[in-house]
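The values are calculated or read from the model by the stated rules, or taken from the named source; none is laboratory data. These figures come from a predicted structure and were not determined experimentally. Glycine gets a Cβ as well: all are built from the backbone with ideal geometry, and neighbour counts include every protein chain shown.
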Amino acid sequence: MSILVDTGFVYALFQPADPHHERATAFSEVNSEPMLLPAVILPELGFLFRRDHGYAGVIQWLEQFRYTQARIAPMMQEDLSRIYEIAQQYADSRFDVVDCCIMAMAERLQIAKSATFDKRDFRIVRPGHTDYFEILP
């Protein structure tokens, strides 16, 4: 089984100043399941590194990230309808679009585990393929 990772987890992994860095690193060191990185989080990561560290921070992150062992998963056309449904169904929760994309991808790929520090969003959603998302670490 794979683990789908979100933006906050990857950011914490590559950002030593992040409050979740130690937990993300420790989890990555002991985890034996394949980590699947949704391609849709890459622009969001670029934005965060540029916001927090300027363009030099983006370059530094890309330097390290290019050696990652995580598989990168594309979003598919078929995910769009489910992204809309999740956003509409949970409109009061105001999920960001990237989280809706990750949730829709998880359903399509039949993945029930998510590495995230955004526990609120992933605990609220009732996915179509399982009773709940298992949130790691």
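When the residues of the stretch 44-61 are filtered to those that are free of Cβ contacts under 8 Å to residues at least 12 places away in the same chain and surrounded by 11 or more Cβ atoms within 10 Å (Cβ to Cβ), which remaining residue is nearest to residue 9 (Cα to Cα)? By that ranking, first place goes to 47.
The requirement of being modelled with pLDDT of 95 or more and over 19 Å from residue 112 (Cα atoms) is not satisfied by residue 27. Taking the conditions (1) surrounded by fewer than 15 Cβ atoms within 10 Å (Cβ to Cβ); (2) farther than 22 Å from residue 126 by Cα in turn, residue 88 satisfies each one other than (2).
Scanning the stretch 92-119 for residues that are in contact (Cβ under 8 Å) with a residue 24 or more places away in the chain, surrounded by fewer than 22 Cβ atoms within 10 Å (Cβ to Cβ), assigned to a helix (DSSP H, G or I) and charged (D, E, K, R) returns 107, 108. Scanning the stretch 62-82 for residues that are under 26 Å from residue 13 (Cα atoms), among the aliphatic types (A, V, I, L, M) and part of a helix (DSSP H, G or I) returns a single hit, 62.
Residues in the stretch 17-43 that are in a helix (DSSP H, G or I), among the β-branched types (Val, Ile, Thr) and touching a residue at least 60 places away in the same chain (Cβ under 8 Å): 41 alone.
Any idea which residue in the stretch 1-27 is farthest from residue 72 (Cα to Cα), counting only those that are hydroxyl-bearing (Ser, Thr, Tyr) and surrounded by 17 or more Cβ atoms within 10 Å (Cβ to Cβ)?
Only one residue tops the list, namely 11.
Filtering the stretch 63-91 to residues that are over 22 Å from residue 106 (Cα atoms) and either in contact with a Lys or Arg (Cβ under 9 Å, 6 or more places away or on another chain) or in contact (Cβ under 8 Å) with a residue 12 or more places away in the chain (or both) leaves 64, 65. Confirm whether residue 48 is more than 16 Å from the chain's Cα centre (by Cα), at pLDDT 95 or above and under 25 Å from residue 123 (Cα atoms). When the stated conditions are applied, residue 48 does not pass them. From the list 104, 115, the one residue that fits, being under 22 Å from residue 43 (Cβ atoms) and touching a Lys or Arg at 6+ places or on another chain (Cβ under 6 Å), is 104. If I filter the stretch 57-70 for residues that are charged (D, E, K, R) and more than 14 Å from the chain's Cα centre (by Cα), do I get at least one hit? Yes, the conditions are met somewhere in the stretch 57-70. Of the residues in the stretch 77-87, not one is small (Gly, Ala, Ser) and at pLDDT below 95. Report yes if some residue within the stretch 89-107 is β-branched (Val, Ile, Thr) and more than 14 Å from the chain's Cα centre (by Cα); otherwise report no. No.
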